[in-house]
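What follows is one structure encoded as structure tokens, with my remarks underneath.
Every read-out reported here was derived from the displayed coordinates using simple, explicitly stated rules and does not represent laboratory data. As the structure is a prediction and not an experimental result, all values here were calculated from the model. So basically every Cβ, Gly included, is an ideal-geometry build from the backbone, and we count neighbours across all protein chains shown.
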Amino acid sequence: MLIYKIFRADEWAALQARGETQGAPVDVADGFVHFSTAAQAAETAAKHFAGAEGLILVACDGEAMGGDLKWEVSRGGALFPHLYRNIRISDVVWSLSLPLEGGVHQFPENME
């Protein structure tokens, strides 16, 4: 199953340069890397990245992360994937720009 992380351009560049990262400041503060499912990603973008340009959508293979990935109750009682280790560039299946059009981030049609 693919899970998704939204990075700011500098965070994505840091992951590419170093090969791994603790994630964004909120991830470091919370002690895990926040991910979303395909169904949750647009709401995550609207809530935490409203109006932000230059974002990168990163897809990772959640099953390949094994026991380091936990599904925990978060926003609205929904289960969200949380990674309890650094995200590694080897975790990334694909990445693409997340354009902002009319104030709304444009996600690919088929993210599953």
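To the nearest 20 debye, what is the magnitude of the charge dipole of the chain about its Cα centre, counting +1 on the Cβ of each Lys and Arg and -1 on the Cβ of each Asp and Glu?
The calculation lands at about 200 debye.
Could you tell me which residue out of ALA64, ASN86, ALA29 lies farthest along the dipole of the chain toward its positive end? Charges go on the beta carbon: Lys and Arg +1, Asp and Glu -1, centred on the Cα centre.
ALA29
Going by a ≥ b ≥ c, the root eigenvalues of the Cα gyration tensor, does the range 32-80 fall in the rounded group (a/c under 1.5), the prolate group (a/b larger than b/c) or the oblate group?
oblate
Output ³J(HN,Hα) for the range 19-24: one whole-Hz value per residue in order, computed from phi by the Karplus curve 6.51 cos²θ - 1.76 cosθ + 1.60 with θ = phi - 60°, and x for Gly and Pro.
Values, residue by residue: x, 6, 7, 7, x, 6 Hz.
Taking Cα Rg over 2.2 N^0.38 Å as the quantity of interest, determine which of (i) 1.05; (ii) 1.19; (iii) 0.98 was computed from the displayed structure.
(iii)
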